[in-house]
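Structure first, then comments.
The values are calculated or read from the model by the stated rules, or taken from the named source; none is laboratory data. Predicted, not measured: the structure shown is a model, and the values here were computed from it. Note: ideal-geometry Cβ built from the backbone for every residue, glycine included; neighbour counts use all protein chains shown.
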Amino acid sequence: MGVKPDHWIRNMAETADMITPFAPEGVNEGVISYGVSAYGYDMRLADEFLIPQVASNAIIDPKNKQSFQYEELKADSVVIPAGGSILGRTVEYFKIPRDVLVFCFGKSTYARCGVLTHITPLEPEWEGVVTMKIFNVSPQPVKVYANEGIAQIVFVGADEICETSYKDKGGKYQGQKGVTAAKIA
């Protein structure tokens, strides 16, 4: 098992449509960086957001869709209030190979401003745009920008092919194309 380097990422994006749209080189002039890095890919935040609309004393229950509602927002940027959070998605659509697991990490530029990004691992043969929870843990509002880097993913190759992939399981988030709130199967 090992981390996949930049030339592997470029090859898989070009020959297997692993990342679409794909930035083969790092882009960092005047933006929060995105594109290929030495051992990963910095993915971009799309311009679609779900803003939670929850009463301050409400309990959010992932098994009860009525316990939380979202306002849909399409914008070039969004301000996350102090202690608040939003759901966002990537610009890129991913198709993860069967022998690869992907780990996701927030960008240091945002982390230094108090913004943390939570993304679960991308499992073998999962595909879609990545939905992420973006938290502002700072005591002040923070702005995040669409079409700029939000998180880095690292591709880890397996020594053996998995017995059951995300696609084999019929995963409930397979093929998602928009910001996707929690689903109960």
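Does Ser77 meet the test of being under 30 Å from Ala158 (Cα atoms) and of a type in the set (Ser, Thr, Tyr)? It would help to see each step written out before you state the result.
Numbers: under 30 Å from Ala158 (Cα atoms): no; of a type in the set (Ser, Thr, Tyr): yes.
Spelling it out, it is not the case that Ser77 is under 30 Å from Ala158 (Cα atoms) and of a type in the set (Ser, Thr, Tyr).
Show the residue pairs meeting these rules: Cβ distance below 6 Å; 6+ apart or different chains; first residue within the stretch 159-172 and over 10 Å from Glu123 (Cβ atoms); second residue at pLDDT below 95 and of a type in the set (Gly, Ala, Ser).
Matching pairs, first to second residue: Lys172/Ala185.
Among the residues in the stretch 77-86, are any loosely packed, with under 12 Cβ neighbours inside 10 Å and either polar (S, T, N, Q) or over 30 Å from Asp168 (Cα atoms) (or both)?
No.
Restricting to the stretch 7-53, count the residues that are in contact with a Phe, Trp or Tyr (Cβ under 7 Å, 6 or more places away or on another chain), surrounded by 13 or more Cβ atoms within 10 Å (Cβ to Cβ) and outside any strand (DSSP E or B).
Qualifying residue count, the stretch 7-53: 5.
I'd like the full set of residues that are among the aromatic types (Phe, Trp, Tyr) and closer than 15 Å to Val154 by Cα, limited to the stretch 84-125.
Answer for the stretch 84-125, where residues must be among the aromatic types (Phe, Trp, Tyr) and closer than 15 Å to Val154 by Cα: Phe94, Phe103, Phe105.
Return the only residue of Gly149, Gly106 being surrounded by 15 or more Cβ atoms within 10 Å (Cβ to Cβ), closer than 18 Å to Ala23 by Cβ and among the small types (Gly, Ala, Ser). Spell out how you get there, then give the answer.
Details: Gly106 fails: closer than 18 Å to Ala23 by Cβ.
The match here is Gly149.
Could you grab me the full set of residues in the stretch 51-98 that are over 23 Å from Gln176 (Cα atoms) and among the polar types (S, T, N, Q)?
If the condition is that a residue be over 23 Å from Gln176 (Cα atoms) and among the polar types (S, T, N, Q), then Ser56, Asn57 are the ones that fit.
Out of (1) touching a residue at least 60 places away in the same chain (Cβ under 8 Å); (2) among the aliphatic types (A, V, I, L, M); (3) exposed (fewer than 12 other Cβ atoms within 10 Å of the Cβ); (4) closer than 20 Å to Thr117 by Cβ, what's the single condition that is false for Met1?
(4)
Would you check which residues across the stretch 166-180 are small (Gly, Ala, Ser) and either surrounded by fewer than 14 Cβ atoms within 10 Å (Cβ to Cβ) or closer than 16 Å to Met18 by Cα (or both) and list them? It would help to see each step written out before you state the result.
So in the stretch 166-180, the residues small (Gly, Ala, Ser) come out as 170-171, 175, 178.
Correct list: Gly170, Gly175, Gly178.
Please specify each residue of the stretch 35-67 satisfying the condition of being under 15 Å from the mean Cα position of the chain (by Cα) and among the small types (Gly, Ala, Ser).
Gly35, Gly40, Ala46
For the stretch 125-132, check the following and say yes or no: at least one residue is surrounded by 18 or more Cβ atoms within 10 Å (Cβ to Cβ), in contact (Cβ under 8 Å) with a residue 60 or more places away in the chain, under 19 Å from Phe22 (Cα atoms) and among the aromatic types (Phe, Trp, Tyr).
no
Could you tell me which residue of the stretch 68-80 is farthest from Tyr145 (Cα to Cα), considering only residues that are in a loop (DSSP other than H, G, I, E, B) and within 20 Å of the chain's Cα centre (by Cα)?
Ala75
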